[in-house]
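Below is one structure, written out as structure tokens; comments come after it.
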Amino acid sequence: MMQLKLIWELIKKDWAEAFRSKQILLSTTILPLLLALGVPVIFMLSMSYAPMGTTDIGFDVFTDLLPPITSDWNQLSDKAQILIIASIFGQVFLLLVPVMIASFVSADTIVGEKERQTIEGLLILPVTDSEILLAKISSTLIPVLILTSIMGILYTLIVDFITFPYLGRLYLPNFQFILVMALFTPLLGFGTTTFIVMISSRVSSTRDAQQLTGFFVLPALFLITGQLIIIFINIWLIIIGILILGVFDFLTYKLALSLFNREKLMSQT
Amino acid sequence: MGIAIEAKELSKVFPPDIIAVNRISFAIKEGEIFSFLGPNGAGKTTTVRLLTTLLRPTSGFATVYGYDILKNPQELRKNMGVLTDRPNLYLRLSARKNLTFFAKMYGLTHEEATRRINELAKQFDLLKRLDSPAGSYSKGMKQKLGILRAMVHSPPIMFLDEPTAGLDPLAQSSVRETIEMVAADLDTTIFLTTHNLPEAEKLSTKIGVIDKGILLTIGSTYELQSKVSKVSKLVITCKNKVSEYQKLTSKIDGVISTHILNNGSSIEFELDNMNITTPTIVKTLVDSGASILEVRPVKKSLEDVYKHIMDSSNGVLNHDAA
């Protein structure tokens, strides 16, 4: 049976340490804030001011290719349609937040204990491998999800502020967006964090962990980013994505647990 | 007193074929302070890591306070305190936060942890610096804090792996005093590895010597002294006529050799058997009218014993290796 109280103590310890580092605080707030809110907002604002249908290849060519995204899709103006598509594009950026922060922070979680010579102190505590692993994943994932949720709320307000004049109603939050924020994002965050924590438990320095993370996670993410825009248009595709992520997370966690080797961790100290 | 630690044929081989610990067997009683001596790379730290569940043995088994290191690692971890050659502290956190974290991980409530930490800090003179970051502590203070970390949950057994290594003499003395206080106050079993022989001699009730993974000998200091040499030394100080008494006693059965020490009033005897020969020498001197000021057996220092064990083991181990 999991000792939840001890996992919580480990998480609190990690937070207490991390929040004393300005470097970690900056990397976990400023960059994701710029990425998740700044880029989509600039994009949407530029779309809202862009002239529509003034050229031979206007935005209508693009919107006509897409299936209806809302029930009143065909009644919407080209501008409203393009703003909705831009908002979906922004949701993908929002999704990058947990992945970006996890890449910065989780890479250090276990190998950092080795580097700071605290790994023996951690391993002699009365906790199991899975409890250590869960604590390390959660200490990154919980603040990341809180931050992502706050950004989700801010994003909703901004999108509605920009789209309301064209739609005459609030566009966000809708069912797709809630599904993405409540399930898709946490599952993607869990999978990514688990994968990076697993890397962190197998390498000998934080730099190695960050390089490997950069090598595996970021290219994979940029590859699927394009697909996500299509997935987020259709609710069934979102549900299938959630199921696939669930299986991926389970397998990644099992793999991370099987690769968590106390002797290997000790051998490099 | 029950058995605190029992190891049977315990071995650890690191890939490809480095034998760090080679079938060692020993038992340590509850309440004992056991010093594990040996040169660098002898297998001391690996033994500690095996007994503290940080490593898994390749073969053999061990129990610590009745808990099998392989079958009950969790229970064992709850009941031991470990200090390695590094204090394992979170340097960004204050000493208090460090101790509170470890106390809670060992199941103490917040109130219990606070009470225990204040008590320890007061006892070990850390109260004033308790809220400073551990990173601002000197090396000696960090090590001292590391010992408090290891004992914050009052474990019945503590493993201290070279606790004074790399410290200056003052810091060493401070850490040594801390260990003495731990031993005196808690009735705790202590497994100590060290290079510092006077430290081991001062603190230990039992000593083991390991080299190249092989346990060479184990016993109390007295037992080790007896093991390494059958010859005992005795010094008798007389008021006068020292050379006359030397001649008289040198012919007694069991006396191997005698010589007068530099102070001119003491005779040093090398004896076959201290217990049998000493009374005969004293009786002979008293019968001949000697005024005896002092009778003092000369203890072999642990350093002499250690050197002797290592010298004789080198031959054996090198021979085995060949």
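The values are calculated or read from the model by the stated rules, or taken from the named source; none is laboratory data. Note that the structure is a prediction, hence the values are computed from the model and not measured. Here the Cβ positions follow ideal geometry from the backbone for every residue, glycine too, while neighbour counts run over all protein chains shown. The accessibility values were calculated without ligands, DNA or RNA, using every heavy atom of the protein model including side chains. Shrake-Rupley method; radii C 1.70, N 1.55, O 1.52, S 1.80 Å.
If I compute solvent accessible area with a 1.4 Å probe over the protein chains, what percent of it on the protein assembly as shown is carbon and sulfur? Don't skip to the end; give the middle numbers.
Details: 16680 of 27290 Å².
Of the solvent-accessible surface of the protein assembly as shown, carbon and sulfur hold 61 percent.
Would you mind getting me the FRET efficiency between B:K227 and B:S154? Use the beta-carbon distance for r and R0 = 30 Å, nearest 0.05.
The formula returns an efficiency of 0.25 here.
Between A:T29 and A:S258, the simple label model (points 7 Å from Cα in the Cβ direction) yields a spacing of 4.1 nm. Think of the range A:4-267 as having a plus end and a minus end, set by charges on the Cβ of Lys, Arg, Asp and Glu; of A:S267, A:S138, A:Y49, A:S267 sits farthest toward the positive end of this dipole.
Taking the centroid of alpha carbons for each part, the range A:127-203 and the range B:195-259 are 72 Å apart. The distance separating the Cα centre of the range B:140-165 from that of the range A:210-262 comes to 43 Å. Taking a 27 Å limit on the Cα-Cα distance, which of the listed pairs B:K251/B:K307; B:K104/B:K144; B:K97/B:K206 fall beyond it? Flagged as over cut-off: B:K251/B:K307; B:K97/B:K206.
The 3J(HN,Hα) values that the Karplus relation (6.51, -1.76, 1.60; θ = phi - 60°) gives for the range A:193-200 are, in residue order, 4, 4, 4, 6, 4, 4, 4, 4 Hz. Gly and Pro appear as x.
What FRET efficiency comes out for B:S265 versus B:I3 if R0 is 41 angstrom and r is the Cβ-Cβ distance? Round to the nearest 0.05. That pair, B:S265 with B:I3, gives E of 0.25. Comparing A:L83, A:L123, A:L65 in a Gaussian network model of chain A where C-alpha atoms under 10 Å apart are linked, the largest mean-square fluctuation is found at A:L65.
How much length would be gained if the chain were fully extended between A:I178 and A:S46, taking 0.36 nm per residue of separation minus their Cα-Cα distance, in nm to one decimal? Show your work: numbers first, answer last.
Working: separation 132, 0.36 × 132 = 47.52 nm, distance 2.57 nm.
The span from A:I178 to A:S46 would gain 45.0 nm if fully extended.
I want to verify a result. In a Gaussian network model of chain B, Cα cutoff 10 Å, which of these has the top mean-square fluctuation: B:R23, B:R56, B:R115? Residue with maximal mean-square fluctuation among B:R23, B:R56, B:R115: B:R115.
With angles folded into 0 to 90 degrees, how steeply does helix A:4-18 sit against the dominant principal axis of chain A? Use alpha carbons for both and round to 10. Its long axis makes an angle of about 80 degrees. Legend: mean number of C-beta atoms from other chains within 10 angstrom of residue C-beta atoms, peptide B:42-49, equals 1. Comparing mean-square fluctuations of B:A290, B:A171, B:A103 from a GNM of chain B with C-alpha springs under 10 Å, the top value falls on B:A290. Rounded to the nearest 20, the Cβ-based charge dipole of chain B about its Cα centre (Lys and Arg +1, Asp and Glu -1) stands at 800 debye.
Taking 16 Å as the cut-off, the amide N atoms of the range A:152-190 that come nearer than this to a point 7 Å along the Cα-to-beta-carbon line of A:I244 belong to A:180, A:184-185, A:187-189. The simple Förster model, with R0 at 30 Å and r as the Cβ-Cβ distance, assigns B:R56 and A:A16 a FRET efficiency of 0.40.
Shielding by partners for peptide A:119-132, expressed as the average number of C-beta atoms from other protein chains within 10 Å of each residue's C-beta, is 6.
Averaged over the residues of A:254-266, the number of partner chain Cβ atoms lying within 10 Å of the residue Cβ comes to 1.
The charge dipole of the protein assembly as shown, taken about the Cα centre with unit charges on the Cβ atoms of Lys, Arg (+1) and Asp, Glu (-1), comes to about 1060 debye, rounded to the nearest 20. Over chain A, calculate the relative contact order: mean separation of alpha carbon pairs under 8 Å at least 6 apart, over the residue count, as a percent. Rounded, it is 26 percent for chain A.
For the pairs B:K247/B:K299; A:K13/B:K78; A:K13/B:K142; B:K71/B:K139; B:K142/B:K202; A:K5/B:K44, flag any whose C-alpha to C-alpha distance is greater than 28 Å. B:K71/B:K139; A:K5/B:K44, as the Cα separations exceed 28 Å there. Which far-off residues, 5 or more places away or on another chain, put their amide H under 5 Å from the one on B:L70, with H placed in the peptide plane? Close amide H contacts, sequence-distant or interchain: B:A62.
Explain nothing, just the number: relative contact order of chain B, from Cα pairs under 8 Å at least 6 residues apart, as a whole percent.
18 percent
With both labels modelled 7 Å from their Cα along Cα-to-Cβ, the B:I252 to A:K5 distance reads 6.7 nm. A crude spin-label estimate for the pair B:S136 and B:M181, with each label 7 Å from Cα along the Cβ direction, gives 2.1 nm.
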